[in-house]
Amino acid sequence: MNSNRFNWDAVAAIIAALIGLLALLVAGYTAYIQHQGVRVEIQGVRAQVWPYITLSESDMLPNGVNNGAGGRLMAVNAGVGPAIIRSVQVLANGKAEPDWNHVAKAVGYHPKKPPTTEFSTLNGTVLSPGKTINFLEIYGRKAWVKFRAKLFSDIVIRACYRSTLGQCGESPPHFHAPVRQAQSVGSCTSPKGSIQFEN
């Protein structure tokens, strides 16, 4: 009799242990599901504020001025959130240059008649969604055509930007790249000793 009672107590203890283990598994699974939900929610928020910077060129000057008058380079935020441009690098023939004058000299861009050239600083600029900034304007058709040819063959421009949530991206480096797609990067910190573009 005592032996039978002992067996029932053992069964009850095993059942209680199994119930406890099951409760632990359910709690762990619930926590996992909630964690996944938070991750999805965070990714959703990031997607809602993710900027998308592309660089482009146009044969039309600002305010609709065209008819062979020149051209411009633009940075466009085609994303859904503001972009904070943290660093800009311009390479001419593979070498980083500090400004447009050095770029022109490096690629042999010397128009016969000095065109009117205007530029705006990209570095440190905040681009709202849908906003475009003209960062180089060249007035004069021949000068623009000559510069544009150098742009497509010898010049690489990179703009690294950050979203409001701290995610970083880099614009496509080539104007003539077959796939113009920005890419995610770890940070916009420039390599030690690299030259930052100043204008």
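The values are calculated or read from the model by the stated rules, or taken from the named source; none is laboratory data. No experiment lies behind these values; they were computed from the predicted model shown. We place every Cβ from the backbone using ideal geometry, glycine too, and count neighbours over all the protein chains shown. What goes into the accessible areas is simple: the full protein's heavy atoms, side chains included, and nothing from ligands, DNA or RNA. Shrake-Rupley method; radii C 1.70, N 1.55, O 1.52, S 1.80 Å.
Please work out if Asn67 is at pLDDT below 65, open to solvent by 30 Å² or more (accessible area, probe 1.4 Å) and of a type in the set (S, T, N, Q). Taking the combined requirement at face value, the residue satisfies it.
Only one of Ser163, Ser171 is touching a Pro at 6+ places or on another chain (Cβ under 9 Å), modelled with pLDDT of 70 or more and within 25 Å of Pro51 (Cβ to Cβ); which? Sole residue among the options that is touching a Pro at 6+ places or on another chain (Cβ under 9 Å), modelled with pLDDT of 70 or more and within 25 Å of Pro51 (Cβ to Cβ): Ser163.
Looking only at the range 76-90, count every residue that is open to solvent by 30 Å² or more (accessible area, probe 1.4 Å) and either modelled with pLDDT of 90 or more or β-branched (Val, Ile, Thr) (or both) and tell me the total. Qualifying residue count, the range 76-90: 4. Inside the range 77-96, residues that are of a type outside the set (S, T, N, Q) and farther than 17 Å from Cys160 by Cβ make up a count of 4. In the range 21-39 there is no residue matching the filter, namely being at pLDDT 70 or above, surrounded by fewer than 10 Cβ atoms within 10 Å (Cβ to Cβ), over 25 Å from the mean Cα position of the chain (by Cα) and polar (S, T, N, Q).
Evaluated against (1) of a type in the set (A, V, I, L, M, F, W, C); (2) touching an Asp or Glu at 6+ places or on another chain (Cβ under 6 Å); (3) under 22 Å from Gly70 (Cβ atoms), Cys160 falls short on exactly one condition, (3). Being open to solvent by less than 30 Å² (accessible area, probe 1.4 Å) and either farther than 17 Å from Ser56 by Cβ or assigned to a loop (DSSP other than H, G, I, E, B) (or both) holds for only one residue in Leu73, Leu136, Leu122, and it is Leu122.
Examine the range 100-115 for a residue that is at pLDDT below 85, within 22 Å of Ala78 (Cβ to Cβ) and open to solvent by 60 Å² or more (accessible area, probe 1.4 Å), and state whether such a residue exists. Scanning the range 100-115 turns up no residue that is at pLDDT below 85, within 22 Å of Ala78 (Cβ to Cβ) and open to solvent by 60 Å² or more (accessible area, probe 1.4 Å). List pairs: first residue in the range 136-150 and in contact (Cβ under 8 Å) with a residue 12 or more places away in the chain, second residue open to solvent by 70 Å² or more (accessible area, probe 1.4 Å) and of a type in the set (Val, Ile, Thr) anywhere in the structure, Cβ distance under 6 angstrom, at least six positions apart or on different chains. Matching pairs, first to second residue: Tyr139/Thr116.
Among the residues of the range 139-163, what is the count of those that are open to solvent by 20 Å² or more (accessible area, probe 1.4 Å), of a type outside the set (D, E, K, R) and in a helix (DSSP H, G or I)?
Of the residues in the range 139-163, 4 are open to solvent by 20 Å² or more (accessible area, probe 1.4 Å), of a type outside the set (D, E, K, R) and in a helix (DSSP H, G or I).
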